[in-house]
Amino acid sequence: MKKTLKRIALFLLLTPLVLLLLGVIAYGIYALTAVGGESTPHQTYLQQHQQEVTFTEDTPFPLFDSAFYQKQIILLGESHGTATPQELDFALLKHLNQKVGLRHYLAEVDYSQAALLNQYLQTGNEERLRFVFQFWARHNAQWGNQEFYNKIKKIRALNQTLPPHRQIWFLGVDRIQDTDALHRHLRELITQLPAKPEDTTTARLKQMAAADTLDTDALVRTAAQFLSSRAQDTANFDLRHTLQNVVYLQDKIKRDSVMYLNLQTLVQQKGLEREKLYGMWGIFHTIPVRVQRGVPFAYLLQGDTSPFKGKAVSIGVYTVESESMMPAAALPAAINKGQRYVNTTWANQDGPLVFVNGIKDLKAVSRGHVSLFKTDAAHSPYRTSPRLASFKTLFPGQSIEFAGANPRVATIFPYICLVKNSKALTPVKW
């Protein structure tokens, strides 16, 4: 009997240890497979098609070819949380302003947020800038970081050196994020609209805008009525476009689809068909092929009926050996310790939570803190190889699985920036 009890106790004691060991072995095998090994042919190609990016007053980008500059829409895709992409973003924005006269920063913000950001760029009144960032700070969003805040101040400083026809402005196409910014913007727009005594819809809009708090559900219904009653009205575009985005809240249109619809409308109504557009986005939105867990914004740009088909290009940003600022609310209390954010090195693209197959080749040949690679040159092995086009993550539902046959990274990201040894973003502080 004693021997049996000892065996049971030993079994109960060793089982968790054995399961833990098996889990560690399984994770190790998965990580090695997901990241993959090194490839001499790929490294030989990369050595011949890379540029070390050093941030100067006028950062050059000699690796970009003429086809790149002919694109109308250029998207920089990154995984939020790391500081260096903000610096890269400003360098690219300034370069494109000088090289091709780009004036419109295509932003992952909504139309009302963009209006406030543009008011800051025009007047220098930082209250407008802080108002936008307060929303992100309240919600512990990674957009609420000091580097982004400072970057917008740098854009204003750059604008002060440029003639009016070269100055840069925000073009916000995202689904409504901040109802406080919407409320403020709507209040400014509605006061400009005269209401006839019998125009009850406009009167209700004015009443809602003047209220201390915004009744979003009631606003959706009234916005739909206003747009329906003024379907032929071509005046007051800013108000109509803002109200159309209010209606999108009720229609439950997918976020990236709203982005695409807004871009179409703004380009047409503001006469931007010949204008270049550039912006930094979350990497998912910049993938120009269909994926299983959604339809990215960049994929919609390439649709058969899209006016932007063949006119957009995406640059991918991969990070290694870098810190990332992550919202702490979803993490266990033992980890977040009551903080708004935590800095971690776990979100790099070479593990331990995120894996890009073939990234070891980029690490092996990269020359500096930021290295730019061209993946689609003639005879590029990335035209036929699946390397760098696999995005696996241990976060549930966050891996990027492609619908149908896996495309090549030369199709997804003709250019890739590898960022090494970057610090994390820092939360906004005033």
Under the √(5λ) rule applied to the eigenvalues of the Cα gyration tensor, what semi-axes describe the equivalent ellipsoid of segment 279-430? Give them in Å, descending.
28, 19, 15
Highest GNM mean-square fluctuation among Gln51, Gln98, Gln264, for the chain with Cα springs under 10 Å, belongs to Gln98
Helix-only [θ] at 222 nm, the chain, -39500 (n - 2.57) per DSSP H run of 4+, per residue, nearest 500, equals -14000 deg cm²/dmol
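Using unit Cβ charges (K, R positive; D, E negative) and no other charged atoms, how large, in debye to the nearest 20, is the dipole of segment 119-253 about its Cα centre? Intermediate results must be reported in sequence, preceding the final value.
Working: 18 positive and 15 negative charges, 81 e Å.
Dipole size: approximately 380 debye.
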Can you tell which of Asn236, Asn145, Asn262 shows the greatest fluctuation in a Gaussian network model of the chain with Cα springs below 10 Å?
Asn236
accessible surface per residue for the chain, probe 1.4 Å, DNA/RNA/ligands not counted, whole Å² -> 47 Å²
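What FRET efficiency do you get for Asp304 and His241 if R0 is 25 Å and r is their Cβ-Cβ distance, rounded to the nearest 0.05? If you can, show how the numbers build up before the last one.
On the way: r = 26 Å, r/R0 = 1.02.
E between Asp304 and His241, to the nearest 0.05, is 0.45.
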With a 1.4 Å probe and every protein chain kept in, tell me what percent of the accessible surface of the chain is carbon plus sulfur.
55 percent
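Find the percent of Cα-Cα distances in segment 212-352 that exceed 19 Å, and round it to a whole number.
Values: 6697 of 9870 pairs.
Result: 68 percent of Cα pairs exceed 19 Å.
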Along the charge dipole of segment 37-181, which of Trp143, Ser112, Ile176 sits closest to the positive end, that is, farthest toward it, with unit charges on the beta carbon of Lys, Arg, Asp and Glu (+1, +1, -1, -1)?
Ser112
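So, with +1 on the Cβ of K and R and -1 on the Cβ of D and E, and no other charges, what is the size of the charge dipole of the chain about its Cα centre, to the nearest 20 debye? Walk me through the numbers before you get to the answer.
Values: 48 positive and 35 negative charges, 197 e Å.
Magnitude of the dipole: close to 940 debye.
List the longest stretch of the chain that has no exposed loop site; here a site is one of the GluC sites (Glu not before Pro) assigned by DSSP to anything other than H, G, I, E or B, with at most 13 other Cβ within 10 Å.
Numbers: sites that count: Glu38, Glu57, Glu198, Glu273, Glu321, Glu401.
Longest run free of exposed loop sites: 58-197.
Taking the Cα centre as origin and putting +1 on Lys and Arg beta-carbons and -1 on Asp and Glu beta-carbons, what dipole magnitude results for segment 168-323, to the nearest 20 debye? List each step's numbers first, then the result.
Working: 19 positive and 18 negative charges, 94 e Å.
So the dipole magnitude of segment 168-323 works out to roughly 460 debye.
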Can you work out ³J(HN,Hα) from phi for every residue in segment 158-169, in order, using Karplus 6.51 cos²θ - 1.76 cosθ + 1.60 and θ = phi - 60°, giving whole Hz and x for Gly and Pro?
5, 4, 5, 9, 10, x, x, 6, 10, 6, 9, 9
Taking amide H positions as placed 1.01 Å from N in the peptide plane, with prolines and chain starts having none, which residues 5 or more places from Ile253, or on another chain, fall under 5 Å of its amide H?
none
Name the residues whose placed amide hydrogens come within less than 5 Å of the amide hydrogen of Val173, ignoring near sequence neighbours (fewer than 5 apart) on the same chain.
Ala107, Val109
Which labelled figure in [x] 37, 26, 22; [y] 41, 30, 21; [z] 65, 23, 15 is semi-axes √(5λ) of the Cα gyration tensor in Å, once derived from the coordinates
[y]
Taking only Cα atoms of segment 97-213, what ratio of Rg to Rh do you get with Rh as the Kirkwood inverse-distance radius?
1.04
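The values are calculated or read from the model by the stated rules, or taken from the named source; none is laboratory data. From a predicted model like this one, the values you see are computed outputs, not experimental measurements. Positions of Cβ are backbone-derived with ideal geometry, glycine not excepted, and every protein chain shown enters the neighbour counts. For the accessible areas, the whole protein counts, side chains as well, though only heavy atoms, and no ligand, DNA or RNA atoms are used. Shrake-Rupley method; radii C 1.70, N 1.55, O 1.52, S 1.80 Å.
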